[in-house]
Amino acid sequence: MNARDQVRKTMQEAVARATEFAKYEEAIKDFRRTGHESKTPKPLLPILRRYNAVWESSDASAADDLPGFVRFFPSRRRLLEIRQFLNQPFFYRLNFIRQLSTIHLWTDLEAGHSRLAHSLGVVQCAELFLDSLERTVTPRIEDWERKAVLIYAFIHDCFHGPMGHSLELMRDVFAPNDYRGKLDKYFLVRALADPNSPLRQAISSALANEAHRDQILAYLEFFCSRDAKKNSYRDRYFLSQIVDSKLDADRIDYLFRDSHHLGLPPPADSNEVFDIIENIRVVPWRESEGQPPIRCLSFLEADKGVVEKLLARRRELYVNHYEQRAKLIIDEMICRSLYQVLRRKRVLPLPISPGPLFTTEETVISEITRLTDSDLFHFIYEAGEPLFAQLLIRDVLSGKFYQEIYSEDIDDEMVGPGTSLSQAFDDAIGKLRKEQGEVLGSAQLVRLNHEDKLKILRDLVGKGRYDFQSLAWYFMFVIWLGGFTARLKIEKLLWNGLLTRPRFKEEVEKYYFQRFGKMKAEVLHELMYFPLIHVSVPSYVATRAREVREYTKEMTRDRMLFRDAVGKPHALELDLSAGYSRKVLFIMLSAPSHFRANNPKSEIIEHFRDMVTGFNWADTDWLGKIDLNYAE
């Protein structure tokens with residue numbers, strides 16, 4: 001191609017980009033002309049209701065059988081117990097939500113199986129547990145108790161919402177700050193307690209002729225919030241563990257199902273799993289001296305090796321797939337796009353002042369949790385603004401994902417059970433606050449004033465065990481980056497600092513020019529306020545102290561029980577680390593591929609490292625003043 005042709009091609013591409021952007025901008029104006037420019041949550045509700053109304057229909061299908069799906073443990077009975085639930089549109093929507101959220105978008109294209117298939121698989125596994133226990137448990141498991149377990153096995157994931165665990169990144173945005181569970185369980189508990197929720201209405205319709213309807217509903221609420229109801233259900237606590245425990249029907253199914261669709265060998269031989277379940281027994285267990293016993297599930301000690309093999313596969317799936325870096329990048333793009341829409345429409349932050357039980361803002365969030373995967377993308381498009389959110393979701397749909405530009409590994413031992421840096425923080429805080437009679441843990445470290453935080457870090461450095469730089473990275477990783485809003489503030493702090501550098505600001509302008517050609521000054525001004533750099537951490541293991549421990553040694557309060565040769569139950573520590581040494585905890589920066597060039601990349605890395613080790617970001621009061629209300 002000669003120079004003239006090259007110039008002509010370049011000009012044609014520039015015109016095409018400018019034309020594309022002009023059409024896009026006109027589409028945004030159309031939304032504004034039809035009322036979508038309103039900065040209140042109310043215009044979002046008609047959009048959401050249009051998508052979700054279909055799932056609240058009372059017209060149940062009349063299918064005589066269940067749909068076909070991959071069965072790893074063929075049931076000894078047909079799964080007719082939950083057929084009337086599958087016929088309800090609210091539950092059939094799970095067929096339009098992918099089990100592995102965004103993994104299919106890039107990292108593993110074949111991993112597109114649905115949550116409906118997984119839910120049916122969990123019912124099958126739960127049936128195996130029940131068959132085994134029914135032969136040994138006294139008093140016997142009643143038919144309605146069995147039905148309650150199978151129903152919960154089917155509905156346990158019905159509030160995973162669009163993109164499944166991807167929206168789990170926004171847990172502290174959608175749920176109270178003091179909530180420590182999973183986001184889907186938060187909405188499931190609320191829906192089960194609300195007689196007017198679509199979930200309760202669907203269950204009531206399916207159980208219309210059930211004599212034990214009230215007892216089943218009470219059990220469903222118990223299964224979903226079992227810790228709070230443990231004292232009331234001590235004799236039947238083991239029933240909740242069938243679907244929710246260290247090795248339950250849920251985990252067994254997704255270990256096999258996800259491995260199958262990810263092209264991995266089975267985590268164990270199916271006959272080994274049958275044997276484990278056949279050997280399960282119910283035993284009395286005292287959590288502490290003086291406490292009345294709780295009847296729990298226990299495994300045979302001889303099966304410990306197979307249990308470790310299964311749970312080691314879970315760890316492998318999290319490291320290589322569920323928390324894989326390319327997947328996290330896509331998740332962050334989707335979450336920030338949704339967040340910007342909700343922020344622009346005044347849904348976020350959720351109001352905390354006393355008011356109606358279900359505010360307009362809460363209703364919007366509740367409706368979002370019932371969208372399907374594709375509906376979430378359409379909803380963001382229809383919301384219309386801000387433009388930055390539209391561009392982000394457009395990039396996801398067209399496969400133009402952000403790229404990793406930097407990562408910093410966090411030493412597993414700093415957060416694991418071995419060296420327990422968390423305990424060192426606890427001891428330092430206890431010493432600092434002892435004279436005031438306060439008891440604080442490392443989770444409340446963020447609440448201390450800036451001087452006290454620095455004093456604690458200097459004390460730890462003075463002991464010679466850790467250097468200041470390592471402690472600064474650890475503090476940022478565990479205390480700040482676990483929350484979505486906190487990460488946004490860190491990103492805004494980083495972005496604002498970079499924009500003060502003329503050379504970097506020119507790179508941002510160049511990025512938008514290369515993408516869309518010459519832009520109106522006011523449009524470019526708006527886009528410049530939105531950080532193009534995302535800060536990520538492995539969301540599941542990094543934000544839950546319990547899961548960090550479980551990740552390395554399976555050490556949690558709800559310990560796995562094993563029986564010895566004489567049938568005495570005891571807790572065993574499961575070592576899942578053998579032969580697997582990859583670092584699993586990290587802080588990652590991602591940005592459009594444009595910023596992987598040497599000049600902008602080196603500036604980003606340099607500024608971020610200076611920001612972390614400089615420790616000025618740890619001043620809670622100062623960081624709290626960072627404004628997330630981007631230019632409108």
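Assorted remarks:
- Residue 223 assigned to a helix (DSSP H, G or I), aromatic (Phe, Trp, Tyr), in contact with a helix residue (DSSP H, G or I) (Cβ under 6 Å, 6 or more places away or on another chain) and assigned by TED's automatic domain parsing to the domain that holds residue 559: yes
- Scanning segment 226-240 for residues being touching a residue at least 24 places away in the same chain (Cβ under 8 Å) and touching a helix residue (DSSP H, G or I) at 6+ places or on another chain (Cβ under 9 Å) gives a total of 5.
- Filter pass, residue 492 being surrounded by fewer than 20 Cβ atoms within 10 Å (Cβ to Cβ), at pLDDT 85 or above and under 18 Å from residue 596 (Cα atoms): no
- Within segment 507-536, the set of residues being under 22 Å from residue 400 (Cα atoms), in a helix (DSSP H, G or I) and charged (D, E, K, R) comprises 507, 509, 510, 515, 526.
- The residue of segment 152-169 that is nearest to residue 373 (Cα to Cα), among those that are part of a loop (DSSP other than H, G, I, E, B) and over 13 Å from the mean Cα position of the chain (by Cα), is 158.
- Among residues of segment 192-204 that are within 14 Å of residue 58 (Cβ to Cβ), those with a beta-carbon under 9 Å from a residue that is surrounded by 15 or more Cβ atoms within 10 Å (Cβ to Cβ) and acidic (Asp, Glu) at least six positions away or on a different chain give the pairs 198/56; 200/194; 201/56; 202/56.
- Screening residue 66 on (1) of a type in the set (A, V, I, L, M); (2) in a loop (DSSP other than H, G, I, E, B); (3) closer than 28 Å to residue 398 by Cα; (4) modelled with pLDDT under 90 shows it passes everything except condition (3).
- Out of 244, 214, sole residue that is surrounded by fewer than 21 Cβ atoms within 10 Å (Cβ to Cβ) and farther than 20 Å from residue 132 by Cα: 214
- All told, residue 555 meets the bar of being outside any helix (DSSP H, G or I), in the same structural domain as residue 314 (by TED's automatic domain parsing) and modelled with pLDDT under 85.
- Some residue of segment 178-187 being out of contact with any Pro (no Cβ under 8 Å at 6 or more places or on another chain) and buried (at least 22 other Cβ atoms within 10 Å of the Cβ): yes
- Residues in segment 232-263 that are among the hydroxyl-bearing types (Ser, Thr, Tyr) and at pLDDT 95 or above: 254, 259.
- Any hit, segment 106-119, residues being in contact (Cβ under 8 Å) with a residue 60 or more places away in the chain, under 25 Å from residue 226 (Cβ atoms), assigned to a helix (DSSP H, G or I) and touching a Pro at 6+ places or on another chain (Cβ under 9 Å): no
The values are calculated or read from the model by the stated rules, or taken from the named source; none is laboratory data. Everything numeric in this text was worked out from a predicted model, so none of it was measured. Every residue, glycine as well, gets a Cβ built from its backbone with ideal geometry; the counts of neighbours run over all protein chains shown.
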